[in-house]
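See below for the structure under consideration.
The values are calculated or read from the model by the stated rules, or taken from the named source; none is laboratory data. Only a predicted model underlies this, so the values are computations on that prediction, with no experimental measurement involved. Counting neighbours? That spans all protein chains shown, and the Cβs are built from the backbone with ideal geometry, glycine included. Accessible surface areas use protein heavy atoms only, side chains included; no ligands, DNA or RNA. Shrake-Rupley method; radii C 1.70, N 1.55, O 1.52, S 1.80 Å.
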Amino acid sequence: MFMWRKGIRPRAFRCFSIDPRRWLRCRLKVLIGLGLIGVCAGIAGSAVAESGSAQGRKFPVEMTALLRALGDARMPSPGGDFPRTVTYPYTEWNMLEGTLKRTSKEVYLPQKPRRIIPHAVGVTEILWALAPHEHIAAVHQSCLNPEYSFVAGELASVPNAYASEDAEVVIGLRPDLILTTYYSSEEFKNRLRLSSVPFVEVGFFGDIPSIQEQVESLGRIIGEEAAARRLVATMQANIAVIQEFARAHSGEKKLRVLYYGLHGFVAGENSTFDSLCGLLNVVNIPATEGVRFFKQIDYETLLKWDPDIIVVPENSGLEKELLEQKILQTAKAVRTRNIKSIPNVYLMASSQFAVASLNYLGGLFYGE
């Protein structure tokens, strides 16, 4: 969502260099990553959580039940109509120009995939919610880390794990479908092409509607359309509850907020954080200041923008750093100690769990 989580080294801020090729690779990692139920609702089997708390914090909906509902939407499947050709939306991101181009891709599937290997955490989380778990042949090692993945504990039952560039290991597991992303390495994808292993590449998605679109596309690709519809309905039902909570607790004047990450990166227009702020009826200041995607700012700019609330990564040390900066002592968020931290797993959500991130932010902005 707001931070990079591809592979096992998500914090790409460390790798800035004057080497332009390395700089571009690392900038890509920084920008992509920044970019972040209990009561039956009667909508396609979805569930909506009651208002409540988790781990001592007040959220619009009870977090544990929300995570459970988002993590499992599986339904009995007759097997689907195969062979099939699936056309699915694909959004290309031009990093250098900062533009998005919407296209489409097509994949032919001779039979229902039963040995699937995903190559990213977000895709894995969607697949885990939709597919029979025995159909998942392997997962990336990063998916087993609870700092990066909401389903890390459950994935221990998957028989195999691999590292980022282990194309030979992946091919050797004889998958009938591999799910890659636009930021999967070209070397990895080229090895798959040379071995004729079928793979599907999903494109850029930076807000909840585009994530819902990805869920529906993957449902068609793996023959689990009913589960995909159920998961999307669960997302929509809970978003509605969270938005109602936000409307009930917001005042006449909207809160002005910003996400402040390592090395002073903020999230602007086209970031997941910006889209979540829109759903919560708060103003994401960098977006109003012309920031597209992400930008590094200094303390003077932060003071000038003067947000009501600053959101920082948990355990990053940024809360202490901002509170101790002499230049920021007159800033509203510093004076009122309204610097809120959020766990990394919520920052990096790039799947249906972005709704959990929305719920967490709703608790930060409006919780009691």
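So which helices (runs of 4 or more DSSP H) stay within segment 185-296 end to end and still have 1 or more residues that are modelled with pLDDT of 95 or more?
Working: elements: 186-195, 208-222, 225-249, 272-279, 285-288.
Qualifying helices (runs of 4 or more DSSP H): 208-222, 225-249, 272-279, 285-288.
Scanning segment 354-368 for residues that are surrounded by 15 or more Cβ atoms within 10 Å (Cβ to Cβ) and more than 16 Å from the chain's Cα centre (by Cα) gives Gly362, Gly363, Leu364, Phe365, Tyr366, Gly367.
Where residues in segment 220-256 are among the aliphatic types (A, V, I, L, M), closer than 22 Å to Pro209 by Cα and out of contact with any Leu (no Cβ under 9 Å at 6 or more places or on another chain), which of them is surrounded by the fewest Cβ atoms within 10 Å (Cβ to Cβ)?
Filtering segment 220-256 for residues that are among the aliphatic types (A, V, I, L, M), closer than 22 Å to Pro209 by Cα and out of contact with any Leu (no Cβ under 9 Å at 6 or more places or on another chain), the one surrounded by the fewest Cβ atoms within 10 Å (Cβ to Cβ) comes out as Ala240.
Taking segment 211-261 as the region of interest, how many residues are touching a strand residue (DSSP E or B) at 6+ places or on another chain (Cβ under 7 Å), of a type in the set (Ser, Thr, Tyr) and within 30 Å of Gln296 (Cα to Cα)? Give the steps one after another, and end with the answer.
We begin by selecting, within segment 211-261, every residue touching a strand residue (DSSP E or B) at 6+ places or on another chain (Cβ under 7 Å); these are 213-214, 217, 220-222, 234, 237-238, 241, 254-261.
Remaining after also requiring of a type in the set (Ser, Thr, Tyr): 217, 234, 259-260.
Cutting the leftovers down to within 30 Å of Gln296 (Cα to Cα) gives us 259-260.
Going through segment 211-261 one residue at a time, the tally reaches 2.
Note on segment 105-163: residues that are closer than 21 Å to Leu192 by Cα, among the polar types (S, T, N, Q), at pLDDT 95 or above and not in a helix (DSSP H, G or I) amount to 1.
Out of segment 78-104, which residues are part of a loop (DSSP other than H, G, I, E, B) and crowded, with 17+ Cβ neighbours inside 10 Å?
Applying the first criterion (part of a loop (DSSP other than H, G, I, E, B)) to segment 78-104 yields 78-83, 95-98.
Matches in segment 78-104: Gly80 only.
Looking only at segment 116-175, count how many residues are within 21 Å of Ile222 (Cβ to Cβ) and either touching a Leu at 6+ places or on another chain (Cβ under 8 Å) or open to solvent by less than 30 Å² (accessible area, probe 1.4 Å) (or both). Outline the logic, then answer.
In the first step, residues of segment 116-175 are kept if they are within 21 Å of Ile222 (Cβ to Cβ); the result is 116-140, 143, 149-151, 154-155, 157-162, 170-171, 173-175.
Subsequent filtering for residues that are either touching a Leu at 6+ places or on another chain (Cβ under 8 Å) or open to solvent by less than 30 Å² (accessible area, probe 1.4 Å) (or both) retains 116-131, 135-140, 143, 149-151, 155, 158, 160-162, 170-171, 175.
Qualifying residue count, segment 116-175: 34.
Within 20 Å of Ala354 (Cβ to Cβ) and in contact with a helix residue (DSSP H, G or I) (Cβ under 9 Å, 6 or more places away or on another chain), is that true of Gly268? Against the criterion (within 20 Å of Ala354 (Cβ to Cβ) and in contact with a helix residue (DSSP H, G or I) (Cβ under 9 Å, 6 or more places away or on another chain)), Gly268 qualifies.
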